[in-house]
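Notes for the one structure printed next.
The values are calculated or read from the model by the stated rules, or taken from the named source; none is laboratory data. Keep in mind that what you see is a predicted model, and the values were worked out from it rather than measured. Quick reminder, even Gly has a Cβ in these numbers, built from the backbone with ideal geometry, and neighbours come from all protein chains shown. Ligands, DNA and RNA are excluded from the accessible area calculation, which covers all protein heavy atoms including side chains. Shrake-Rupley method; radii C 1.70, N 1.55, O 1.52, S 1.80 Å.
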Amino acid sequence: MHLKSPLIGLLIVCLAIELPSPTAAQFWLKLPEQNWEREMLATRDSGVCYKEEIVETINPNARLRQISYCCEGYVNHGSPQNLRCQPICTEDCANGLCLSPGYCECAPGYYREERRCKRM
């Protein structure tokens, strides 16, 4: 009986406390230009090629190995263990993004003229 009174009192206090009212969620709309680079990079080819080589091993069943490397027209900006193959663009790709070897995509608000991305 002695334990019930503090618990009932605590319950009454908890019920009497005014909880903060729920707030409305706020969302900010991202402009399409902000997502452009991420979407273009997601659609870009990886530039990683594969070949199979036969290597000398003790186990004859494990001689065939798959080797990864950067395809022609791509350069590795990572390590030999972690390839980050990026395309090589010979033209100026400022205000744009090199999507494949020799192909530059201009950012929104820019157009391609005279081998450059110029503001509209």
Candidate set from the range 74-103 (those that are farther than 28 Å from GLU114 by Cα and without any contact (Cβ under 8 Å) to a residue 24 or more places away in the chain); member that is most open to solvent (accessible area, probe 1.4 Å): GLN81
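Could you please let me know if THR57 is surrounded by 10 or more Cβ atoms within 10 Å (Cβ to Cβ), more than 24 Å from CYS104 (Cβ to Cβ) and out of contact with any strand residue (DSSP E or B) (no Cβ under 6 Å at 6 or more places or on another chain)?
Considered against the rule, which asks whether it is surrounded by 10 or more Cβ atoms within 10 Å (Cβ to Cβ), more than 24 Å from CYS104 (Cβ to Cβ) and out of contact with any strand residue (DSSP E or B) (no Cβ under 6 Å at 6 or more places or on another chain), THR57 comes out as yes.
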CYS71, sole failed condition from (1) under 23 Å from the mean Cα position of the chain (by Cα); (2) open to solvent by 80 Å² or more (accessible area, probe 1.4 Å): (2)
Matching residues in the range 84-111 - criterion: being part of a loop (DSSP other than H, G, I, E, B) and either of a type in the set (Val, Ile, Thr) or under 19 Å from ARG38 (Cα atoms) (or both): ARG84, ILE88, CYS89, THR90, CYS93, ALA94, ASN95, PRO101, ALA107, PRO108, GLY109
The lone exception for THR43 - which of (1) under 18 Å from the mean Cα position of the chain (by Cα); (2) open to solvent by less than 90 Å² (accessible area, probe 1.4 Å) it fails: (2)
